[in-house]
Structures are given as structure tokens and as C-alpha cells.
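The values are calculated or read from the model by the stated rules, or taken from the named source; none is laboratory data. On a predicted model such as this, the values are computed, not experimentally measured, just so you know. Note: ideal-geometry Cβ built from the backbone for every residue, glycine included; neighbour counts use all protein chains shown. We work out accessible area using only protein heavy atoms, side chains counted, and drop any ligands, DNA or RNA first. Shrake-Rupley method; radii C 1.70, N 1.55, O 1.52, S 1.80 Å.
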Amino acid sequence: MTVEPDTRALEALLFVSDEPLTPPVLAQALEVDRRTAESLCEALARRLEERGSGLVLREVAGGWRLFTHPDASTFVERFVLSSRQARLTKAALETLAIVAYKQPVTRHQVNGIRGVNSDGVLRALQDRGLIEEAGRDEAPGRPLLYATTPTFLERLGLPSLAALPSLAPLLGDAAATEDAADRVVVAVDDETTEPTSVSEPGQE
């Protein structure tokens, strides 16, 4: 099979990058126009799937990035965990789910939904780059607001927040947000395991 130089260069760039590469960045690196860069990404994604590669190319967080194939998730997870990696704890996943669906959200709101102090978990999620400060609320004291980051979308393999699993099937009453935390975490945890068997060092 003959591989075009642009395709070979594209795959190499995606392999060495530790973050999604946007079409403009790829276009500049490959010295082609944006439309061509996008077409090359789409073609490479198809080629990887057709040849049964252990990698998949996905459009996430506004760019393109290589992930391990979901069919290899068991092996990847076993390898990563054997390297002293650990997935996010249930408390961290629960807090992350609340921020994802309620953002921007204050620390007090997160604590109220979870029913426990979440300060340490929020700090841990910030340290991992999954959430970030997103301004201040207009309430008395102007508490900090938290929102998810592009890294969050990248880890879940989502193109945008609009692609998050819908809460409608999980809630009998859309207003009962406080009762949703345990159910939401299941959806987020399911999404987390697919792209790369997402693992994180340490546990909170």
C-alpha cells in the first residue's frame, strides 16, 4: 500500500503530540490549506479503522488526537494500572460529573449536591487539569466558579460539552438535580473508560 507523504507526516505529528491538534495547526505544519488538513485527518481515521489498527483518530476538544482502540481497553488498562497508575476515585468522578453538568458551579453548590465537603476533591481535579476556575459568582462574597477544561473533553473523547450524555433518561424529575449525582457518575465513568481507558496517577 502506497502512503502519501502528507499522510505519513500527519500520523507522525499526531503521534508525538500530547494534545489535540487543530486543523489550522496541522495545515501550517503540513504546509497545506485547512480543508486539505481536515480531509487528511478524516482519511487517516478511516485507514486506521480499515487496517484494524490498535489506534483510532478522533476529533475532540476542537482538534484531532490519536487514542487507543476501545477493543484494546482491557489490555491498556491492565498495563497502565500495573505501572502504578490509578483511575479517578468515585468521589472525584462524582464531583467531576456535577461540575460538568452544572457548570459554572461554586464550591458551595458542589458541597450541597454531594452532601459532603468537596474542597480537597476540587483541588485534586484542578491539579489534574480537568476543571478550572471560571470567574466569580455575583452572590455575596463572590465565590469562585468552576468549569471543565478542554482536557476534560479530550479525556472523555468528546468534541464539545453538547456531546455529554443526556440527563433526561437518568432523571424522573429534571428539577431533582441533587438526586442525580450517583446516576450521573455512571454515565461519566462509562464515557471515561472508552477512549483510552483513562487512568490517573494517585488517588484522592
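When only the Cβ of Lys, Arg, Asp and Glu is charged (+1, +1, -1, -1), the dipole of the range 1-149 relative to its Cα centre reaches about 640 debye. For the range 98-141, the solvent-accessible area with a 1.4 angstrom probe is 53 square angstrom per residue. Compute the relative contact order of the range 19-170 as a whole-number percentage, counting only Cα pairs closer than 8 Å that sit 6 or more residues apart in sequence. It rounds to 20 percent for the range 19-170.
The apolar share of the surface of the range 92-152, taken as the fraction of accessible area on carbon and sulfur atoms (1.4 Å probe, ligands and nucleic acids excluded), comes to 47 percent.
Diffusion coefficient of the range 12-54 by Stokes-Einstein, Kirkwood radius over Cα pairs, 10 °C, 1.306 mPa s: 145 µm²/s. Remark: the Ala162-Glu133 segment gains 8.4 nm on full extension, using 0.36 nm per residue and subtracting the alpha carbon distance. Within 12 Å, Cβ to Cβ, of Cys41, how many net charges do the neighbouring residues add up to if Lys/Arg are +1 and Asp/Glu are -1? The answer is +1. A simple count of charges around Phe15, restricted to other residues whose Cβ falls under 13 Å of its Cβ and scoring Lys, Arg +1 and Asp, Glu -1, yields -1. Kirkwood-type hydrodynamic radius, the range 1-118: 17.1 Å, calculated from all non-identical alpha-carbon pairs.
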